[in-house]
Amino acid sequence: MKDISKSVVRKDHEEKITGSCKYVADYDSKGVLIGKLVRSKKAHGKLIGINFPKMPNGYMSVTYEDVPGINEVHIVKDDTPVFAKDSVEYIGEPVAMIIGPDEKIVNELVKETELIIDELEPVLDILKSDTVFFDYEYTKGDHVKAFKEADKVYEETFSTGYQEQAYLETQGMMAEPEEDGKILVHGSMQCVYYVHNAVKKVLGSDDFHIRQDPTGGGFGGKEAWPSIVASEVAVAAYKAKKPVRLVFDRREDLEFTSKRHPSITHYRVAVKNGRVTAMDIDVKFNAGAYTTLSAVVLQRGLICADGVYNIPNLIVKGKALKTNTVPNGAYRGFGAPQTFFPVETIMSHIAQDMGKEPLEFKREHLVKQGDMTSTSGMYHFPVPLEDMIEEVAKASGFYEKRKKYSEKQSGRYRRGIGISMHFHGAGFTGAGERDLIKAVAKLKKHKDGTVEVLAANGEIGQGLRTTFPKIVAHELGIPLDRVYYNWPDTGKVPDSGPTVASRSLMVVGELMRRLAIKLKEIWKDGEEQIVEERFREPSFVIPFNLDIFQGDAYPTYAWGVQAVEIELDTLTGLMKNLGTWASFDVGTPADYNIVMGQMEGGLLQGLGYSSMEKMDYDKNGRIRNNNFSDYLIPTSMDVPNMNVQLHVEEYPDGPYGAKGAGELPLVGVPAAYVEAVSQALGGVRINHIPFTQEDAMKEIAKKDE
Amino acid sequence: MVGSFIPKNKKEALDLKAKYTELIPYSGGTDLMVENRKNPSYLFLGKLNELKGIKKTDGKIEIGAETTFTEALESPIIPQMMKDALILIAAPAIRNTGTFAGNIGNGSAKADSALIEYGLDAVITVESVRGERNIPIEDFYLGRKHIDLNEDEIITKITIPDIHPDFYSYEKVGGRKALAISRIAFLGILEMESDKIKSISVSFGAVSEKIIRYKDVEKMLIGLTKEEAKAKKDEFVKAYEDRMQLTEGRVSADYRKKVTIKLLKEFLKNGGI
């Protein structure tokens, strides 16, 4: 293990263990107005008017009319209103806010507020949606020819469900007018500059700054949504000239904030001489009512739609479609789980049809260094999948179990084991890092010799407050307690980019390393010194053209192999996880314990996504699973025996060889899980997740008949 | 709103409940704390020693209504089948404070301890200043969220027989391993006398408005040898299949029906029928 990988006590350990860590809801309420949103109860309609009750002294309403700038939240596109003006597009859409000193009274006033809405028919089924937010297509090779010449063409449709981030801390934000006339907006978020750019448009001025508070988990759920919440509180504080705080309760957060996009994917696969020669892939994502992050989520999903395989001919089409439901957004994996599940699963099904073991068939198609990617870029670095498969197979006893469970089983309990492979493109998709983000970071050495990290990336549990200083201290050769990273504040730190896409450690961490080298060269005791670094795209990168999806979508890839073993109870459909094994290559771990925590946590979220996390809306467009009794996530008792190995394939342009880590462990789980369940069910084909106990029972009942 | 009270003893609790009938009995509070009612009027009973404790008296086991699940799990007197159900309730923190009274007091057919009480023909004792009533559990449950408890009464005791059946089977189907509200729960008990079936008890929880137990169907097998019962097995199972009207909830009625019948058949098979 490299020195840098040796685990240290996290910088936020003490405050989180003792409970002294102050989240946005913990700030003193004295003089703070409580905000509550008036939300649409209809999924679609024309907004005719709002009848507010008489406001007691000190209470007021806030609507689009109070927005000093433009009533649009800047995300990727700007179609999300701060407060609905002419129409409502989903149940829960914010139409107004009521603020005042007493929460109970504010709640009463919200209840008494009447929205006059001319109801329109909502669109709830993506297959019936005629509003296409984003429509992409790309090709590789000659797919027409390949399909024409195929021995056999396989076709299958897959679907995936919602997944809720279920962070411990719900969305919350506070805006406070300061003495110099500026407004400070602070709260729970991943990306201070995303929020900054949103608030700038809404306030129509630069008289504000954004600060991240300790954030109780994000998982992508605090990538875009905080821009909306911050815009709401900023407008309210601007109007009231007083501090305003808005913290969602759990039901609100579950029902009315973004989740992973549900998807329907259709695969056509051409096989000739026992090899897959082409894929024709059609991907549909349910975007919800506004575009938010759907464009970029869809892009990532499409780019990895052919999996870890060298498929010479491709046509990949994808749409993000509007429905009158809550806008969907980022969740760890960002579009990739929705395509890795089908591609892995159809590869298994084809193998079975050909009488081959899926893993053997898949291995014949694995990409390797120097191969062309789906977007005609290149896998520039070694692909360690073969070794990682062996690591996982050995640890799990995969071959013996797979063979044993394929024999006819009897009795109440039946077993199955499955394995899947995947990658996660490290960093922002395409040319975003170079053209849009242009990350800048600084180090400030104080006179006392302590060094402060100046960057915009948020600690959301993934350990950045520890790993950034760790890299700097390592390079400077000074103790870790001499380097610190405060909560980023856009009034003080440069824009080192958002906390997304597993990019922070790889991209900004590398800036930290270079900054420290720079500072070391000019270090003078007793002086304040500042050094600055900017992102430079590695020279090997084949420029990505988003219009035609051609080039290197990612500079490098993190790789994953996972196996899941389950035991099915044929009387109840319950599936017990007997063990989960994985090998993950995230390059050099910046801190072993932190990375292992990420890997195991992500695996568990993947298992929940595959099995029990089920959320849906009813015929009116209302999400019913709005509490943790109805939306089940795994408890500590559901954590299986997890055996995770780190396989290190160093990336030369990441700090000490590190590459993207955070998202990787979730992405590949569903295919392994479903393959295990399928085996336990005697080879039944499964093409949707979550695959619940009820789904299993349906299959068991079919066999009974 | 009369406020909340912490009575010193049972008598004071009964007096208070008679005087202020709107008082909500508060045992462990594991449901009420979550409800977080505005300005509630609670009668705190959870710490009253007179209502706690487990004792064995001539073939019967009396469980104080305010006994917590953890206390019951630690008791050598509580039958294993009850423990099988209790250990799967929620999570340790909830078992440490949740009580028998609370579990049946909210009238849910999903209550895990209530299923065992149904299967064992438990008697629920309720008391008021007017005296006490002893009610068989199947009469105590009137319907969904509806129990036979007058507004001046509190639940004080649950009595179950101290039996050691030849065979029983308890199954809980939840959505996950802990903190899981039962989606289906099953209890089957078989008692033999020489080679004849002395009693058979089959109860289904969490599948309907009330816990299901059909004593008239059970009679079909009483007095038969296992061999004789086998011949009647299909008819027996079909009686349940025909009669059970299960409700749609977190899982479909169809799923519930399939699983309940499978669990019933498994119980019979493992019991030698």
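Please tell me the relative contact order of chain A in percent, rounded to the nearest whole number, where contacts are Cα pairs under 8 Å and at least six residues apart. Relative CO of chain A lands at 16 percent.
Ignoring ligands, DNA and RNA, please state the percent of accessible area on the protein assembly as shown from carbon and sulfur, probe 1.4 Å.
On the way: 18710 of 37930 Å².
Heavy-atom surface of the protein assembly as shown belonging to carbon and sulfur, 1.4 Å probe: 49 percent.
Using only side-chain charges placed at the Cβ, +1 for Lys and Arg and -1 for Asp and Glu, the dipole size of the range A:1-137 relative to its Cα centre rounds to 720 debye.
Sparsely packed loop sites in the range A:399-441 (the trypsin sites (Lys or Arg not before Pro) outside DSSP H, G, I, E and B with at most 11 other Cβ atoms within 10 Å) comprise A:Lys408. Diffusion coefficient of the range B:10-161 by Stokes-Einstein, Kirkwood radius over Cα pairs, 37 °C, 0.692 mPa s: 213 µm²/s.
Across peptide B:111-123, the mean count of Cβ atoms from other chains lying within 10 Å of each residue's own Cβ comes to 0. Positive-end ranking of A:Gly411, A:Gly621, A:Val276 along the dipole of chain A, with charges on Cβ about the Cα centre, is headed by A:Gly411. Is there a pair in B:Lys60/B:Lys219; A:Lys200/A:Lys241; A:Lys322/A:Lys614; A:Lys702/B:Lys226; B:Lys10/B:Lys47 whose C-alpha atoms are over 19 Å apart, and which pairs would that be? Check vs 19 Å cut-off fails for B:Lys60/B:Lys219; A:Lys322/A:Lys614; A:Lys702/B:Lys226.
Would you mind checking the pairs A:Lys128/A:Lys201; A:Lys222/A:Lys368; A:Lys698/B:Lys177; A:Lys182/A:Lys222; A:Lys6/A:Lys447; A:Lys152/A:Lys394 and listing those with alpha carbons more than 26 angstrom apart? Show your work: numbers first, answer last.
Details: A:Lys128/A:Lys201 34 Å; A:Lys222/A:Lys368 35 Å; A:Lys698/B:Lys177 21 Å; A:Lys182/A:Lys222 24 Å; A:Lys6/A:Lys447 29 Å; A:Lys152/A:Lys394 34 Å.
Those over the limit are A:Lys128/A:Lys201; A:Lys222/A:Lys368; A:Lys6/A:Lys447; A:Lys152/A:Lys394.
Buried accessible surface for the A/B pair, both sides summed and rounded to the nearest 100, is 1900 Å² with a 1.4 Å probe. Rounded, prolate or oblate: pick one for the range B:1-74, where a ≥ b ≥ c are the square roots of the eigenvalues of its C-alpha gyration tensor, a/c under 1.5 means rounded, and failing that, prolate if a/b is larger than b/c, else oblate. Because a/c hits 1.5 or more and a/b fails to exceed b/c, the range B:1-74 counts as oblate.
Pairs to check: A:Lys111/A:Lys619; A:Lys492/A:Lys518; B:Lys157/B:Lys196. Give those whose C-alpha atoms are more than 27 Å from each other in this structure.
On the way: A:Lys111/A:Lys619 24 Å; A:Lys492/A:Lys518 21 Å; B:Lys157/B:Lys196 33 Å.
As for pairs spanning more than 27 Å Cα to Cα, those are B:Lys157/B:Lys196.
Among A:371-379, A:11-19, B:203-211, sorting by the average number of other beta carbon atoms lying within 10 angstrom of each residue, highest first, gives B:203-211, A:371-379, A:11-19. Under the criterion of Cα pairs below 8 Å and six or more residues apart, the relative contact order for chain B equals 15 percent. Considering only alpha-carbon pairs that sit under 8 angstrom and 6 or more positions apart, the relative contact order computed for the range A:439-534 is 44 percent. When A:His424, A:His44 are compared by accessible area at a 1.4 angstrom probe, the order from most to least is A:His44, A:His424.
Magnitude of the charge dipole for chain A, about its Cα centre and with charges confined to Cβ atoms of Lys, Arg (+1) and Asp, Glu (-1), is about 540 debye. One equal scatterer on each Cα of the range B:169-270, no solvent, Debye formula: the resulting log10 I(q)/I(0) at q = 0.19 Å⁻¹ is -0.91. Distance from the alpha carbon centroid of the range A:596-652 to that of the range B:180-227 works out to 38 angstrom. Farthest towards the positive end of the charge dipole of the protein assembly as shown, among the residues A:Thr373, B:Ala185, A:Ser61, is the Cα of B:Ala185, using unit charges on the Cβ of Lys, Arg, Asp and Glu. Count Lys and Arg as plus one, Asp and Glu as minus one, and take only other residues whose Cβ is under 13 Å from that of A:Asp630; the net charge is then +3.
Using the 1.4 Å probe convention, the accessible area of the protein assembly as shown works out to 39 Å² per residue with neighbouring protein chains retained.
Relative to the Cα centre, the charge distribution of the range A:551-705, modelled as +1 at Lys and Arg Cβ and -1 at Asp and Glu Cβ, gives a dipole magnitude of about 440 debye.
Interface burial in the range A:629-662, defined as at least 10 Å² less accessible area with all protein chains than with the chain alone at a 1.4 Å probe, covers A:Ser629, A:Asp630, A:Leu632, A:Ile633, A:Thr635, A:Met637, A:Asp638. The Cα atoms of the protein assembly as shown define a convex hull whose projected area, averaged across directions, is 43.6 nm².
What does the C-alpha gyration tensor say about the overall shape of chain B? Classify as rounded when a/c is under 1.5, otherwise prolate if a/b is larger than b/c, or oblate. Here chain B falls in the prolate category. Positive-end ranking of B:Val217, B:Ile124, A:Tyr554 along the dipole of the protein assembly as shown, with charges on Cβ about the Cα centre, is headed by B:Val217.
Between A:Asn593 and A:Arg363, the FRET efficiency from the beta-carbon distance, with R0 = 22 Å, is close to 0.10. Loop-located chymotrypsin sites (Phe, Trp or Tyr not before Pro) across the range B:162-197 with a Cβ neighbour count of 15 or fewer within 10 Å are lacking, with loop assigned by DSSP.
The values are calculated or read from the model by the stated rules, or taken from the named source; none is laboratory data. From a predicted model like this one, the values you see are computed outputs, not experimental measurements. We place every Cβ from the backbone using ideal geometry, glycine too, and count neighbours over all the protein chains shown. For the accessible areas, the whole protein counts, side chains as well, though only heavy atoms, and no ligand, DNA or RNA atoms are used. Shrake-Rupley method; radii C 1.70, N 1.55, O 1.52, S 1.80 Å.
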